[in-house]
Amino acid sequence: MPRLFGGVSILSATLLVAFIGVVVLVGLLWRFQEKLLFLNAFPVGYKTPNLNPRGYRSPAERGIPFKDVSFTTRDGVKLSAWLLLGEKPLEAPTFIQFHGNAGNIGFHQGHAEVLCAEMGANVLLLDYRGYGNSEGTPSESGVYADADAALDFLLSTSLVNNKDIFLFGHSLGGAVAIDLARRRGKELKGLVVENTFTSLRDVIHDIVPASRKFDWLLNAIQRMKLSSEDKVRQMGIPALFISGRSDELIPPRHMDKLHHACGSPVKWKVDIPGGDHNSTWLYGGTAYTENLQKFIKTAVSLSTGDLNGDAVASSIKEKLPVSSGAPEDYQAAKADLSGSSETLSSYETSEVVQEMKPKDPWSLFGLKPQTMALALLLIVLLVRKGIHSTAGARHIEGRTHAHPSSRLDEPGLELDVPDVDEARRKSTLLNDDSAQSTPGTPVPALVELVEPDVKHSEAARIDTSTS
């Protein structure tokens, strides 16, 4: 066998180099995994809202009244946020919105606009530490602390109604919202999550199936867990799970599993046919807001003991099968209430677990690495590609309320890209320049709203405290 200087064989040298490369790669992955997940400077050149394209710099550009606020976390990090005000801020429910992993709050106003402008709710839209104008460096424990600070701020403010506080989390924000709901459910009225995941490990497995063979290595180097499925089992407040059935990043089965595992005595699930990862709220149209309104009304009523059986039945009577584009009515069960011993009857839920494989843009390369080094390299590349951006660059083209004649043409933004035309949700066909699905996707008249599971043992006034 050929030998190099010093009598070392070429094979031995190759193995040594490969081993050193694997060690270095594992070390880099362990050291920089937060930077791979938290894309706080994405897209490049738009670190803070004031640098964003026109229409994404401030809620004022959309005609929404708001206050620019800041507050400090318990570990001393100053956070920046927008407090969007509904028409009656002291009466309307208030949401804390936790956005996804990429971009500052300016790019995540789509959900906030639905909640505030169309539903009249107040919305606290915050940037995690290290995002936008917020100080610090993002981490899993850090974003959990940021969530605590946001709730503390609302509980202490007199600007909005702080008695009826809800959480809204999208994608990564869903994991943040679930963690807060599990720990501080007594201070909340309900939770809404959209297109989030069961755990970060499950996302890695979906993107790189071969990574299942290296769980022992992931256990050693994966610092961030984001284990929402375990936490949701311990949650007790009313919960609404909104699933875009054409989500190209997080397979819809993640939302199915979270809904099924949820330990809350009252839980809903809404499936949006055609909804993708970032624009499910657009595909849902008016049915999206109607179901949200029903959930909010029911959750508030449950906390005050004002809910009766007919109200529950009315709020869940419309359902839409996942595979259908037309609404279908189902007869809802009614509660049997009587006197001081009244209890809510159990509602049997029709759970549909849709097995969908992720649309993996990397499948052309194959996912059966021949060496550990190749497997780890794929993990780095695919986690960065799969979690932090949608497939392909998307152009921002939309009109704003403040600039009806302007066009926003900024390439490469793989985020929530709202079309803020008022007419878009009133139309039967949605005009979304950023939507990735095939034109002509049917828009449901009313989306599936799976009735809540209400345990027999619950009293008329359901305790929304967490375990």
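A compact table of results
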| read-out | value |
| --- | --- |
| Residue match in the range 43-50 (condition: buried (at least 19 other Cβ atoms within 10 Å of the Cβ), under 22 Å from the mean Cα position of the chain (by Cα) and modelled with pLDDT under 95) | yes |
| Residue within the range 60-74 that is of a type in the set (Gly, Ala, Ser), in a loop (DSSP other than H, G, I, E, B) and within 18 Å of the chain's Cα centre (by Cα) present | no |
| Failed condition for Gly55, given (1) over 20 Å from Ala149 (Cβ atoms); (2) not in a loop (DSSP other than H, G, I, E, B) | (2) |
| Any chance Arg31 is among the charged types (D, E, K, R), surrounded by fewer than 20 Cβ atoms within 10 Å (Cβ to Cβ), in contact with a helix residue (DSSP H, G or I) (Cβ under 6 Å, 6 or more places away or on another chain) and under 26 Å from Val176 (Cα atoms) | no |
| Hey, Ser134 more than 20 Å from Phe295 (Cα to Cα), surrounded by fewer than 21 Cβ atoms within 10 Å (Cβ to Cβ) and more than 19 Å from the chain's Cα centre (by Cα) or not | no |
| Single unsatisfied condition, Asp276 versus (1) assigned to a loop (DSSP other than H, G, I, E, B); (2) charged (D, E, K, R); (3) surrounded by fewer than 22 Cβ atoms within 10 Å (Cβ to Cβ) | (3) |
| Exclusive hit being modelled with pLDDT under 95 and closer than 22 Å to Leu172 by Cβ, set Glu118, Glu113 | Glu113 |
| Qualifying residue in the range 126-140 (condition: assigned to a helix (DSSP H, G or I) and modelled with pLDDT of 95 or more) | yes |
| Selected residue (criterion: surrounded by the fewest Cβ atoms within 10 Å (Cβ to Cβ)) from residues of the range 182-206 that are part of a helix (DSSP H, G or I) and touching a Phe, Trp or Tyr at 6+ places or on another chain (Cβ under 9 Å) | Arg183 |
| Among residues of the range 186-236, those that are among the acidic types (Asp, Glu) and more than 18 Å from Asp256 (Cβ to Cβ), counted | 2 |
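One line per residue, one yes/no per condition, for (1) more than 16 Å from Phe168 (Cβ to Cβ); (2) in contact (Cβ under 8 Å) with a residue 60 or more places away in the chain; (3) not charged (D, E, K, R):
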site	(1), (2), (3)
Lys189	no, yes, no
Val203	yes, yes, yes
Pro209	yes, yes, yes
Trp216	yes, no, yes
Ile221	yes, yes, yes
Met224	yes, yes, yes
Lys231	yes, no, no
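Listed here are the residues, each with its yes/no results for (1) surrounded by fewer than 24 Cβ atoms within 10 Å (Cβ to Cβ); (2) in a helix (DSSP H, G or I).
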{"site": "Gln97", "(1), (2)": "no, no"}
{"site": "Gln109", "(1), (2)": "no, yes"}
{"site": "Gly120", "(1), (2)": "yes, no"}
{"site": "Ser158", "(1), (2)": "yes, no"}
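The values are calculated or read from the model by the stated rules, or taken from the named source; none is laboratory data. A quick note: this is a predicted structure, and the numbers were derived from the prediction, not measured. No Cβ is skipped: glycine too gets one built from the backbone with ideal geometry, and neighbour counts run over all protein chains shown.
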